[in-house]
Structure formats: C-alpha cells, structure tokens
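Reviewing the structure listed below.
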Amino acid sequence: SQIEQAIINLVLNAKDAMPQGGTLNIKSEDRELNETEARYYGLSASGKFVLITVCDNGTGIEDRIKAKIFDPFFTTKEVGKGTGLGLSSVLGSVEQNGGHLHLDSEIGRGSCFSIIFPLVESKQQSVRDAETANSKGGNETILVVEDEKMLRKIAVKILKKWGYNVISAASGPEALELVSGYNDEIHLLL
C-alpha cells in the first residue's frame, strides 16, 4: 500500500507538471544493472533490480529545485494547492522498504522518477506468511489531513481496512474544526 501511494503521488505531480496535457508513462520491469547503470541510478552495487518508473513530458524540474524537491514541506505549488509532503513521503516509503528513488528531469522535456528495489526471488507462500504476520491492524483513531481528494480517499480506505477509526479533513482549518468537536482521543495525525 505504501508503494501504491508513492506511485499515486508521483502521478499527481506529473499531472500538475502537464497543465496543457501530455503523456504519462508508468512502467515496471525486472532489470539487471551493470556497474555503470547502477551508478547512474545512485546505487552502490550492480545486480538484479525491480524498476518502477513514472515519466511525463511536462515542464521539467529546474536544477535549483531538484536539490530541495524531497525536503519535507518544500513545494512549488501555490498556497492551498499542496502540502510539500508528497515527494518526501514517496522517498520515505521507498527507503523504508529497502529501495532507492532516482529523478531524471530536464526543463521542457519532462521528468522521470524511478523507484528501484533489489530483486528478491522467493516463494509466493513466504509473501503470504509475511502478510499474515503483519496484518494485525489496530483500533486507534487516526486523523488524515490531505488536500488531494484522491490521496485522502485512498488513505482512509486503507486505514479503515486495517481496522482503524479514521477521521479525514481536506485542510488544516477543517481538521482543527473537526478536532474541536471530537470528544475521544486521536492517536495519530497523518
């Protein structure tokens, strides 16, 4: 679910980078990267990897912005149009799952984000065993604040599926209003 949300964040950013429309490509592939390719992606070793790429032919990203693009709360969007947490969340999710995130972008030519994971060959049963072991869920209350309606709906759906009580708001002021009238404990703000 974290990787799914990461891809959705990348797709939404691509949409914003193509205000006049454009082309969006999402691709996944198993690749064996040699040392040169591994260095290009910022990896420390060559080997077998799974690459998920989200590419657009939008406006591209300036070099001065590339340096800050994954910083929490950094945004180039106007006030009320983004929190600056999308790409930092993508990076966090990818790294938390043992992966690497690579950006290739050029002004006027678009951007390509590559999510790269080491390829793990294992039996399907062990994946099911891991899912069962990690499927405890919870019953705490989580307040989800997200201005992008699609992301908010997905987060709420996933959290409810895991048994959490979820309250959602589209903005900070809306969240504060909800909290002021909420009498039970809120365990987490997302």
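The values are calculated or read from the model by the stated rules, or taken from the named source; none is laboratory data. The structure presented is a predicted model; accordingly, all values stated were derived computationally and were not measured. For neighbour counting, all protein chains shown are included, and Cβ atoms are generated from backbone atoms with ideal geometry for every residue, glycine included. Side chains are part of the model used for accessible areas, which takes the heavy atoms of the whole protein and leaves out ligands, DNA and RNA. Shrake-Rupley method; radii C 1.70, N 1.55, O 1.52, S 1.80 Å.
Quick check on the chain: of the DSSP beta bridges with both residues there, what percent are antiparallel, nearest 5%? So the antiparallel bridges amount to about 80 percent of the total. Taking Cα centre as origin and charging only the Cβ of basic (Lys, Arg, +1) and acidic (Asp, Glu, -1) residues, the dipole magnitude of the chain rounds to 300 debye.
Normalising by residue count, the chain has a Cα convex hull of 134 Å³ per residue. Helices in the chain, meaning DSSP H runs of at least 4 residues, each add -39500 (n - 2.57). Divided by all residues, the mean residue ellipticity at 222 nm is -10500 deg cm²/dmol. Per-residue Karplus couplings for segment 64-70, computed as 6.51 cos²θ - 1.76 cosθ + 1.60 with θ equal to phi - 60°, are listed in order as 5, 7, 4, 5, 10, 4, 9 Hz, Gly and Pro entered as x. Heavy-atom surface analysis with a 1.4 Å probe gives the chain a carbon and sulfur content of 50 percent of its accessible area.
Reported to the nearest whole Å, the Cα centre-to-centre distance from segment 1-50 to segment 153-190 is 30. Give the range of the longest stretch in the chain that excludes all trypsin sites (Lys or Arg not before Pro) found in loop regions by DSSP and having at most 11 other beta-carbon atoms within 10 Å. Result, exposed sites excluded: 1-80. Note on residue 171 and residue 120: the extension gain reaches 14.4 nm, defined as 0.36 nm multiplied by sequence separation minus the Cα-Cα distance. At 10 °C and 1.306 mPa s, what whole-number value in µm²/s does Stokes-Einstein give for the translational diffusion of segment 1-76, with Rh from the Kirkwood sum over Cα pairs? Stokes-Einstein gives a translational diffusion coefficient of 110 µm²/s.
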